[in-house]
Amino acid sequence: MRSFNLLYWILWKDILSEIRNRAALVSMLFFALNIILIFSVSFSMSDLEEMMPGLIWTAFGFTAVIGLSTSFVAETHNQCLEYYRLLPTPKGMIYLGKLCGNLLFIVIVGLALLPLFVLFLGLHVRQLSWLIAVVFLGALGLANLGTLFSALTVNLRAREVLFPLLLLPLSVPVFIGATEATAGILRGAPQAAYRHWLDLLGIFDLIFTLLSFWMFEWILDE
Amino acid sequence: MSVTAILGVDVSKSYRYDLVLSSISLKVARGECYTLLGANGSGKTTLLRLFATLLAPTAGTIEIEGHHSLTQKPEARAHLFFIGHASHLYDDLTAIENIRFALGMRGISVGPSEIKQAIDVMGMGPFGRYKTRHLSKGMQKRLAFAKALLARPRVLLLDEPYASLDEPGIETVNACLKDFLAQGAAVLMSSHDRAHAAAVTHRAGVLRQHLLQEISPSDLPRSYALF
């Protein structure tokens, strides 16, 4: 119970800080808006249907990277990470708290992107509940990797270079799985045709959540 | 019989090939305040960070309330509270919100009246509602002590507790430390402010050339020559 308190307080602090400074959400939304505007003037409507899943995950994926890259920066101001190290509680719950906060912000941006795609690129939304499920699973995969690598690189001088270098190659399974599943959903294909991609995303999310939870104690103490 | 709260036996620390501390042995009992003195770079902060479990000793053993600092970290950490040079504050939260967060993370639930009381004791008054980005270093130090007051640790580790504080602030901190000591907490602190430290110190030692040399607390105000 005490461990879940930890998760609650991290989430409370991250949401309150974001409401006050709006740093992550505003930068992500403006970046996403720019990408969608560039897409809308670069491609003709006839090309878009085939390319739509790739465009969605290019916009969503890189927008998420923008937000995730600064996930642990606030923790370094006034050496707040040191306070986490001094806590007697399991550090994995701190990871889960940060993960939940990051996931929340990414999903908010992801859901805000869908109407923009409808408005600017003429996206025809089918099977909305499954599309939201893919956005959630993809966001969880990216949030997992982003939270882990943001924590790993936060004290390094080359953080800005190392973070995308570590994150992007390992995100390939998320991008492929999410893009393929989105393509199936937007084609209106039966669920069985893209179910295996959802399974891939789910397994990836589970493995990285458990691995990161276990590794975080070591990351924080070292 | 006095009960040992902080124990270090033959503690050494090296950074790569640079020796910082050599075979330091130190025992602080409950209700006792030990003050570390020494020139800049003599290893005071390193020694405090070793006892705070933030660093691992190269050799020797450290125990906090009987719990080994390496093999029983969570148990040792449950008893200690460290106030160092960093404030551990989130700039976008108010002082009160920072207290709620810090204590919540330690599993301590406190009501608004208790927080207000701690803030008043530390002489922060209306600053409790200010975002901490707007607080001076002195107010941030008072806030750190307000957190400690509510956390009620058995071991208090303080790195330069009087730094950035004005005279009333120092008096408030010393009153707060006397209260901690009266309730049986052990205090290990480093300070350059020997005159103010003397008011709460029971035992003292000077770190010089990697070694700790114990001195009489009555020598504290004129101990500069020992550096």
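The values are calculated or read from the model by the stated rules, or taken from the named source; none is laboratory data. Here the structure is a predicted model, which means the values were calculated and not measured. Please note: Cβ atoms are built from the backbone with ideal geometry, for glycine as well, and neighbour counts cover all protein chains shown.
Return yes when A:VAL109 is among the aliphatic types (A, V, I, L, M), in contact with a helix residue (DSSP H, G or I) (Cβ under 7 Å, 6 or more places away or on another chain) and farther than 26 Å from A:MET215 by Cα and no when it is not.
Working: among the aliphatic types (A, V, I, L, M): yes; in contact with a helix residue (DSSP H, G or I) (Cβ under 7 Å, 6 or more places away or on another chain): yes; farther than 26 Å from A:MET215 by Cα: yes.
Against the criterion (among the aliphatic types (A, V, I, L, M), in contact with a helix residue (DSSP H, G or I) (Cβ under 7 Å, 6 or more places away or on another chain) and farther than 26 Å from A:MET215 by Cα), A:VAL109 qualifies.
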message: Go through the stretch B:1-54 and report how many residues are of a type in the set (Val, Ile, Thr) and within 11 Å of B:LEU211 (Cα to Cα).
response: 3
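Select the helices (runs of 4 or more DSSP H) contained entirely in the stretch B:1-108, then report the ones holding at least 2 residues which are over 30 Å from B:MET139 (Cα atoms). Working first, answer last.
Details: elements: B:44-51, B:73-79, B:95-105.
Where helices (runs of 4 or more DSSP H) fall fully within the stretch B:1-108 and carry at least 2 residues being over 30 Å from B:MET139 (Cα atoms), they are B:73-79.
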query: Within the set of pairs 6 or more residues apart or between chains, which connect a residue that is under 13 Å from B:ARG203 (Cβ atoms) inside the stretch B:19-33 to a residue that is among the polar types (S, T, N, Q) and in a strand (DSSP E or B) with Cβ atoms less than 6 Å apart?
result: B:LYS27/B:THR4; B:ALA29/B:THR4
query: Yes or no: B:GLU171 away from chain A (no Cβ under 14 Å), closer than 27 Å to B:GLY43 by Cα and free of Cβ contacts under 8 Å to residues at least 12 places away in the same chain?
result: yes
- request: Filter the stretch B:39-79 for residues that are free of Cβ contacts under 8 Å to residues at least 24 places away in the same chain and β-branched (Val, Ile, Thr) and give the result.
  value: B:THR71
- request: Would you check if B:ILE83 is closer than 22 Å to B:ASN174 by Cα, within 14 Å of chain A (Cβ to nearest Cβ), among the hydrophobic types (A, V, I, L, M, F, W, C) and under 17 Å from the mean Cα position of the chain (by Cα)?
  value: yes
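Just to verify a result, which residue in the stretch B:179-227, among those that are polar (S, T, N, Q) and either at pLDDT below 90 or farther than 19 Å from B:VAL11 by Cβ (or both), is surrounded by the fewest Cβ atoms within 10 Å (Cβ to Cβ)?
Within the stretch B:179-227, the match that is surrounded by the fewest Cβ atoms within 10 Å (Cβ to Cβ) is B:SER216.
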Hits in the stretch A:32-65 (condition: within 26 Å of A:SER17 (Cβ to Cβ) and touching a residue at least 40 places away in the same chain (Cβ under 8 Å)): A:ALA32, A:LEU33, A:ALA59, A:PHE60, A:GLY61, A:THR63, A:ALA64, A:VAL65
- request: Considering (1) within 11 Å of another protein chain (Cβ to nearest Cβ); (2) at pLDDT below 95; (3) on the phi < 0 side of the Ramachandran plot, say which one B:THR71 fails and leave the rest.
  value: (1)
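Considering B:ILE83, B:ILE64, B:ILE6, B:ILE24, which residue is touching a His at 6+ places or on another chain (Cβ under 9 Å), buried (at least 19 other Cβ atoms within 10 Å of the Cβ) and closer than 25 Å to B:ILE108 by Cβ?
Going through B:ILE83, B:ILE64, B:ILE6, B:ILE24 in turn, just one is touching a His at 6+ places or on another chain (Cβ under 9 Å), buried (at least 19 other Cβ atoms within 10 Å of the Cβ) and closer than 25 Å to B:ILE108 by Cβ: B:ILE64.
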- prompt: Which of (1) in contact with a Phe, Trp or Tyr (Cβ under 8 Å, 6 or more places away or on another chain); (2) within 30 Å of B:GLY125 (Cα to Cα); (3) at pLDDT 95 or above does B:VAL28 not meet, given it meets every other one?
  reply: (2)
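Checking the condition surrounded by fewer than 14 Cβ atoms within 10 Å (Cβ to Cβ), part of a helix (DSSP H, G or I), within 14 Å of chain B (Cβ to nearest Cβ) and modelled with pLDDT of 90 or more, which residue from A:ILE19, A:ILE10 passes?
Values: A:ILE10 fails: surrounded by fewer than 14 Cβ atoms within 10 Å (Cβ to Cβ).
Step by step, each of A:ILE19, A:ILE10 is checked, and only A:ILE19 is surrounded by fewer than 14 Cβ atoms within 10 Å (Cβ to Cβ), part of a helix (DSSP H, G or I), within 14 Å of chain B (Cβ to nearest Cβ) and modelled with pLDDT of 90 or more.
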message: Quick check on my filter: what residues within the stretch A:199-218 are surrounded by 15 or more Cβ atoms within 10 Å (Cβ to Cβ) and closer than 21 Å to A:CYS100 by Cβ?
response: A:LEU201, A:GLY202, A:PHE204, A:ASP205, A:PHE208, A:THR209, A:SER212, A:PHE213, A:MET215, A:PHE216, A:GLU217
Complete set of residues in the stretch B:45-58 that are crowded, with 24+ Cβ neighbours inside 10 Å and more than 14 Å from chain A (Cβ to nearest Cβ): B:LEU47
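What do you reckon, is B:ALA52 under 22 Å from A:PRO90 (Cβ atoms), in contact with a helix residue (DSSP H, G or I) (Cβ under 7 Å, 6 or more places away or on another chain) and small (Gly, Ala, Ser)?
On the way: under 22 Å from A:PRO90 (Cβ atoms): yes; in contact with a helix residue (DSSP H, G or I) (Cβ under 7 Å, 6 or more places away or on another chain): yes; small (Gly, Ala, Ser): yes.
Yes.
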query: If you check A:LEU81 against the conditions, is it in a helix (DSSP H, G or I), surrounded by fewer than 22 Cβ atoms within 10 Å (Cβ to Cβ) and within 13 Å of chain B (Cβ to nearest Cβ)?
result: yes
- prompt: Going by the conditions given, is B:SER113 surrounded by fewer than 16 Cβ atoms within 10 Å (Cβ to Cβ), within 14 Å of chain A (Cβ to nearest Cβ) and over 20 Å from the mean Cα position of the chain (by Cα)?
  reply: no
